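Every number in this text was worked out from the coordinates using simple rules, so none of it is lab data. Please read these numbers as outputs of a predicted model, since none were measured by experiment. Cβ placement follows ideal geometry from the backbone for every residue including glycine, while neighbour counts extend to all protein chains displayed.
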Amino acid sequence: SAVLSFCPSHFKTRTTAATCIYSSRSLSLRTYPYMAPTIHYYCPCQSGELLQTPPPPHMASSSASFHPLHSLFFCEECDAVRCNRCVAVEVSGYYCPNCLFEVPSASVRAEKNRCARNCFSCPICRSTLQVVASDPPDGGDGRPSASLSNVGEPPFFLYCNHCRWDSAEVGITFEKPTGLAGVFFLSHTNSRLTAHLIAQLQKFEDSAPESLEFERLKEHFEPFLRTASLSSSSHIPSTSSHHLHTSSATAAASAALARDVPGVGKYNPLARSRVGRDRTANKDEMPEYKSRMEIGVLGQLGSEGDDSDVDALRRMENVEEIASLEQRWGNSWTTSLRTSDLKPLRIPLHSKVSKRCPTCRHILIKPEQKAQSVRYKIKLVAANYLPAITVGLPHASGTDTARRPQTKATGVSDDRNAGILTAGKSYPFHLALTNPLYDPIQVRLSVQRMHVTAVTDGTAPEKARRTPFAVSLPTSPFPVAAFAEAWEYDDDDDMFGLEDDDLGLDVGRSRDRDGKGKIKAVGVLEKRANVTVVGGEVVIGKEARGHVKFNMLVSYTYRSDDPLPSEDGAGTPSRTVVKSPEVKTFTFYTVVDLGPILPREEKTDPDI
Amino acid sequence: MEAPVYYSKAEFIETDTGNKVSRRATIAGPQNIILGGKTIISSSAIIRGDLRRTGPGHAVVISLGRYCLVGEGCVMRPPYKTYRGNFNYYPMKIGDYVHIGANTVVEAATIGNHVVIGKNCVIGKFTIIKDCAQVADNTVIPPNTVIPALALFAGSPG
């Protein structure tokens, strides 16, 4: 892409000069990159009411409603476009990003959202750790010892390939090379550990002080929650409106939560008021909770208080001995400041999500169960329903086709005028529409009129903002051929330009050239396979600024093969009824951005 | 709609399956390298097909899929390991539609389909990159990492 340096005080474009010749201002930081024209599609989820017209594109907040086509979905039931903001997301499965093992949802909670196998991440650099065996004992004469077992010698420890940290530095070793997380993770039934056992097992995860504290809190509140749930359980109706627990994963998770923390019944908003009232009666009877350890005794937590920290800091040699914030802030309580005290972490699980339409709950995206497959069981993406539109400015690439073909590295200097829209001129642009359906469609384009209020910049009111640019598009509908496999298309390599003899471009418009013999820019330019290129023209006013952006309404009609609703299921032998083809129309808005407007220069520099 | 990219015909050797190998690329051991159709190997790329496993018979050291693009100055070497006293190279298998940026060192064991790797990256040994992953520019991926599908990795150590 062309990168032009751009002096902000003189609005001159330079390519290689580092300073503006007029103001001697350094231009190295001012670049005016060529932005290819883009087109985005509108999702009406942000507009709220039934108006469904998009906001004017020159406002900065409008970009939230427009999305590229590849990120949009399409709900067949509602016949509407859905974007990532409005879909309801739910988890469809969990997997470990390191061993790619799919974890069933039930054990996800048990394993605290971490991998239960040998996957650990280095506390220093966060890369994955490798299980290595200790070196076999040396025979004393330098030769490798004879006992070379397949898996190596115990004790095994973890080793980081990137920063060469190993877990023997913190004293964590294992006796066998598999099932390491099980050693790490004690079952939470061992919550009543006495003090000396805690000191021995301090390095392991579940005996960490915060999880022991959490266990104690749970035990303390358990009797009160149970009584509260018993009194309010009679008011909880049977499992009816559980629209929140739509998938088995969340239902299993909530059931596990209910099992684990008694009293937390299934979520029901109807019973909320009643539970609150019952709880207030119980609140007076709750004894005071005494935490397991004193707050001041930070020695057990490892940070050892202020004085010892200062002493340690005085003795430190280099700054790497202090654990950085990024390495420490994942812990719930304060831990030791020293890098040598950092423990390896089990790798957290990733999830695969499925997405639903917010109104009709139809599944739009459902991935496959396998962790590493990128296919989807259900994939209702907008690209399969809406025509894909790409915008191009022919004067950007037109100069290249006329020149001699160059090497693969395209020269930067050739694109000096490429794609830059200068104020006061008019440019043609191309829209290529690709039809994804198996039926031909008729497309109609129209520019949305927008009311640009004159925004005062504070210094001088920009009156020219009322009409910064004028866009002309072909107004009558034009067809786009149906999508078919590649071998079904005839080998019609049309010339890029205007064909005025056949192809049936009889859209009812007069297509003769005007008197001067100029090639018409506005209209259907080319039809090739399932792509139709139409041309439009934009005239930029002399005082225009900003981007050339306009909303475009695209409506296309296609013949749908949906069965008519006359089949009432009464078993009418109506097979001889000829189904009249139903013509459906779908309309959507897009925003076309042709690029920034370069303010008009006094003269064009020939030396660029 | 996209403007065609022009290249000089003299610079590339084109095979009958559509692979375009630059004449200035260094291909060592070409009999051990498999290119799927329509793969482009840019100039100054180095592909080491000569580092093969010890053993009889024909060995495939590096296999690329279709429509791959190996950038300029790229280095592709199969990963090696000393296992039980034996030193051995392992074959490198790359999927379809893989774009590898310029000056990247790739020593991965497996790369899936539709992977985009940026410029100046270092992919460590025995890395497994699943489908549709993306590695940003200037990334250092440590050895033995697994990049899951549809992931984006950046930074060093990645």
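Annotations
- Virtual spin-label span in nm between B:THR15 and B:ARG84, 7 Å along Cα→Cβ: 3.4
- Once the C-beta distance of A:GLU169 and A:SER555 is scaled by a Förster radius of 45 Å, the resulting FRET efficiency is 0.10 to the nearest 0.05.
- Separation of the alpha carbons by more than 19 angstrom is noted, of A:LYS425/A:LYS549; A:LYS370/B:LYS38; A:LYS112/A:LYS343; A:LYS343/B:LYS130; A:LYS112/A:LYS370; A:LYS290/A:LYS343, for A:LYS370/B:LYS38; A:LYS343/B:LYS130; A:LYS112/A:LYS370; A:LYS290/A:LYS343.
- Exposure proxy ranking, count of Cβ atoms within 10 Å, fewest first, for A:ILE39, A:ILE322: A:ILE322, A:ILE39
- Label-to-label distance, A:ARG361 versus A:LYS112, with points set 7 angstrom from Cα along the beta-carbon direction: 3.5 nm.
- Selection from B:ASN88, B:ILE46, B:HIS99 lying farthest towards where the dipole of chain B points positive, charges on Cβ: B:ASN88
- Förster-model FRET efficiency, 60 Å R0, A:ALA470 and A:TYR438, C-beta, rounded to 0.05: 0.95
- Residue order, fewest to most surrounding Cβ atoms within 10 angstrom, among A:MET59, A:MET552, B:MET92: A:MET59, A:MET552, B:MET92
- Placing dummy labels 7 Å off each Cα toward the beta-carbon, the span from A:ASP79 to A:VAL353 is 2.9 nm.
- Shape class for the stretch B:43-102, computed from the alpha carbon gyration tensor (a ≥ b ≥ c): prolate, with a/c not under 1.5 and a/b above b/c.
- Neighbour-count order for B:ARG24, A:ARG328, fewest beta carbons within 10 angstrom listed first: B:ARG24, A:ARG328
- Extension gain, A:ILE378-A:GLU102: 0.36 nm per intervening residue step, less the Cα-Cα distance, totals 97.4 nm.
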